């Protein structure tokens, strides 16, 4: 059990340390660690955890680390994974704040930040592709497109259209889609 706790702490310390872009940008990194490397979760359970993590208050990475740790090793696992995820971010934030305060007038800092924004956008788009594949095909493997879940596609398109056209409250939209999905998948 102690070995699993150390693995959880270390895996989420890495995720927290290398999560440039945060939020959705780190979903592929989390998936690589918890599904592919350690095998703590299946892709289906991972997709469910990402969904739940989005609906619960707090940052996506922290919520996901807590749920993964809970699933992999109970409450001690949740604590180890969450602490691992948070600690590196806190240390990096303190160091970056000090660095930017010291070099606030530099010509190069805005250039570096622009390149980090571009990298972050690429990571977010990759995460979007993973979420779409998991939702529509049940796996993140793009080759599974023939297993397309048509109901999920129509729910997605309906929610997207309703959000863009009528600016519905996201919580209300999730409740509506959850109810519709409950009826459609029965």
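What follows draws every value from the coordinates through simple rules; no lab data is involved. Values in this document were obtained by computation on a predicted structure and should not be read as measured data. Here the Cβ positions follow ideal geometry from the backbone for every residue, glycine too, while neighbour counts run over all protein chains shown.
Which FRET efficiency value, to the nearest 0.05, do you get for residue 100 and residue 141 by plugging their Cβ-Cβ distance into 1/(1 + (r/R0)^6) with R0 = 35 Å? Intermediate results must be reported in sequence, preceding the final value.
Values: r = 40 Å, r/R0 = 1.15.
Efficiency, from the Cβ-Cβ distance: 0.30.
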Top of 124, 86, 151 by mean-square fluctuation, Gaussian network on the chain, Cα under 10 Å: 151
Most mobile of 170, 59, 28 in a GNM of the chain (Cα contacts under 10 Å): 170
Computed E for residue 115/residue 17 - FRET, C-beta separation, R0 22 angstrom, nearest 0.05: 0.70
Cα-based helix-to-principal-axis angle, 43-55 vs the chain, degrees rounded to 10: 80 degrees
Neighbour-count ranking [beta-carbon atoms within 10 angstrom, fewest first] of 1, 55: 1, 55
Cα long-axis angle, helix 108-137 against the chain (0 to 90 degrees, to the nearest 10): 30 degrees
For the chain, built as a Gaussian network whose Cα springs stay under 10 Å, the top-fluctuating residue of 16, 74, 105: 105
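Before rounding to the nearest 500, sum -39500 (n - 2.57) across all DSSP H runs of length at least 4 in the chain and divide by the residue total; then give [θ] at 222 nm in deg cm²/dmol. Could the numbers behind the result be given before it?
Working: 7 runs with 139 residues, N = 186.
Using -39500 (n - 2.57) per qualifying helix, the result is -25500 deg cm²/dmol.
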Cα long-axis angle, helix 2-17 against the chain (0 to 90 degrees, to the nearest 10): 80 degrees
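When a footprinting reagent is the concern and you count Cβ atoms within 10 Å, what order do 166, 13 take, fewest first?
Values: 166 9, 13 20.
The order, fewest Cβ neighbours first, is 166, 13.
Please state the relative contact order of the stretch 2-140 as a whole percent: Cα pairs under 8 Å, 6+ residues apart?
37 percent
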